[in-house]
Amino acid sequence: MAKFHSIFDIIGPVMIGPSSSHTAGAVRIGLASRAIFGETPENVQITFFGSFAHTYKGHGTDLALIGGLLGLSTANPDIRYAYDLAKETGMKVKIVTSQEKMKHPNTAEVRMTKGSRTVSVTGISTGGGSIDLVEIDGFNVHVHNDNPVILIFHMDRPGVIASVTRVIGQHRLNISQMEVSRKTKGKLALMLIATDGEIPDATLEEIAAVKHIVQIIDLSEIRREPNGTKALMAKGAAQ
């Protein structure tokens, strides 16, 4: 028998239709991508795979994802004007479809650029408005929106993980999920931490003060239909 965390897992979120998986989930992929990028990008290439590639026009998946990139919530009626709003903000959007076989049919890759900076995010809409981010700029991850989640970019140094978990433990927060990914030994790494309760700003500031922390991105607010999310740069950290 399936288990549900809340009634919203059954009926889905308050949203602009027609489909929670093709619309609400796409908005949240856009919101998460925006939070990870930290600002509105100048250029965006959205690649749709599987079911998204075949039905995005009819279901407005492109409008939804662009709306999320602009910081719109799933219930914001302005999603229907996403292309016009993107143009007004100076964000150029290119939609691409791919026949490449992915593990999930509702998959989208968002490649964001501003100046010389480029960040890519691959996300899956798993149904009912829930999402799973599976890749962030080449780092393999599994970011769900069931619990509060923070992403911590840090230099791959001994003791960093222990220092971060010590801070969280001292604030009596329980870690429900944790992943660490790196591409090259000794270089930039990504720590994903989900907790049973919200992580207060003061705790995030304390984590940001840990040596070798580069950046903290709080994705918790995506669960509460935000108009954006916070990105906390660690002061004085190595870039």
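Readers should treat all values here as calculations from the given coordinates under stated rules, not as data from a laboratory. Values in this document were obtained by computation on a predicted structure and should not be read as measured data. Glycine gets a Cβ as well: all are built from the backbone with ideal geometry, and neighbour counts include every protein chain shown.
If you look for lysine pairs in the range 11-137 that are eight or more places apart or on different chains, how many of them have Cα atoms under 21 Å apart?
Taking the range 11-137 as the scope, the lysine pair count is 7.
Taking square-rooted eigenvalues a ≥ b ≥ c of the alpha carbon gyration tensor, is the range 39-88 rounded, prolate or oblate, where a/c under 1.5 means rounded and, failing that, a/b exceeding b/c means prolate?
Oblate, since a/c reaches 1.5 and b/c is not below a/b.
Select from MET112, HIS54, LEU72 the residue farthest towards the positive end of the dipole of the range 11-137; place +1 on Cβ of Lys and Arg, -1 on Cβ of Asp and Glu, and compute about the Cα centre.
Towards the positive end, the residue furthest out is HIS54.
If I take R0 = 30 Å and measure r between the Cβ atoms of LYS101 and ASP146 in this structure, what FRET efficiency does the formula 1/(1 + (r/R0)^6) give, to the nearest 0.05?
The calculated FRET efficiency here is 0.65.
Would you kindly work out the equivalent ellipsoid of the range 66-172 from its C-alpha gyration tensor and give its semi-axes, the square roots of five times the eigenvalues, largest first in whole Å?
Equivalent ellipsoid of the range 66-172: 30, 17, 17 Å, largest first.
Sticking with the crude label model, points 7 Å out along Cα→Cβ, report the distance from LYS114 to THR55 in nm, one decimal please.
Result for the modelled spin labels: 3.4 nm.
Once you place label points 7 Å from the Cα toward the Cβ at ASP84 and LYS183, how far apart are they in nm?
Each label point is offset 7 Å from its Cα along the Cβ direction, giving 3.9 nm.
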